[in-house]
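Okay, structure first, notes after.
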Amino acid sequence: MTEHGRQATEGSGQGTPRFRVHEIPDSLHRAKYSAWAITGGLAVFLGSLLPFVSFSDPELGVIPSVKPTNALFGLIMLGLGIALRGVPRRFFILTAVATLCLSALGAFGYALTIVAGQAGVTEQDSFGFPVRVTFSPGTGILLMLAGCVAAGVAGIRSLQYHRS
């Protein structure tokens, strides 16, 4: 290249790559949305290890199978987050939709549990009399709800980016 051609290239900015927002490489968007989904899955998993709810009646407790089920759900969400980063392009939409759907179902379930606990449930005591039992959300269920919201945002943003 001649000296004049090199100066023209450097002066016009053609010598350095410049990206516009819509020209950012696909891998950077995938990494960002994948990080959101991974964080959400990790939050669901860690939330399953923390206290779920606290009851107004100290004799009641959480069913023991709930914690492992929530931990498995968190690991599935974590796996979907990892898959968002590395899945081939033809399976990307399927992975994003699965992430969105599972996170929406999880968020709905956790929110429903919180609302039902605040409203209370009628149970029978040991003598057969009805007793109103309420439970308040613990840090675990709140962290799991936040994790589902984060993974849902990742699914939505992945679909929006892929569509554009």
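Read the figures in this text as sums done on the coordinates, not as results from a lab. Note that the structure is predicted; figures quoted are calculated from it, not measured. Every residue, glycine among them, receives a Cβ derived from its backbone with ideal geometry; neighbour counts consider all protein chains shown.
The Rg/Rh ratio of the stretch 26-163, with Rg taken over Cα atoms and Rh as the Kirkwood radius over Cα pairs, comes to 1.12. Computed from label points 7 Å out along Cα-Cβ, the spacing between Val115 and Lys67 is 2.9 nm. Shown in residue order for the stretch 82-97 are the 3J(HN,Hα) couplings computed by the Karplus curve 6.51 cos²θ - 1.76 cosθ + 1.60 at θ = phi - 60°: 5, 5, 4, 7, x, 5, x, 4, 6, 9, 5, 5, 4, 5, 5, 5 Hz (x for Gly and Pro).
Show me the chymotrypsin sites (Phe, Trp or Tyr not before Pro) within the stretch 71-132 that DSSP assigns to loop and that have at most 13 other Cβ atoms within 10 Å of their Cβ.
Phe127
Mind checking which of Cys101, Thr69, Gly140 is farthest towards the positive end of the stretch 26-163's charge dipole, using Cβ charges of +1 (Lys, Arg) and -1 (Asp, Glu) about the Cα centre? Going by the Cα projections, it comes out as Cys101.
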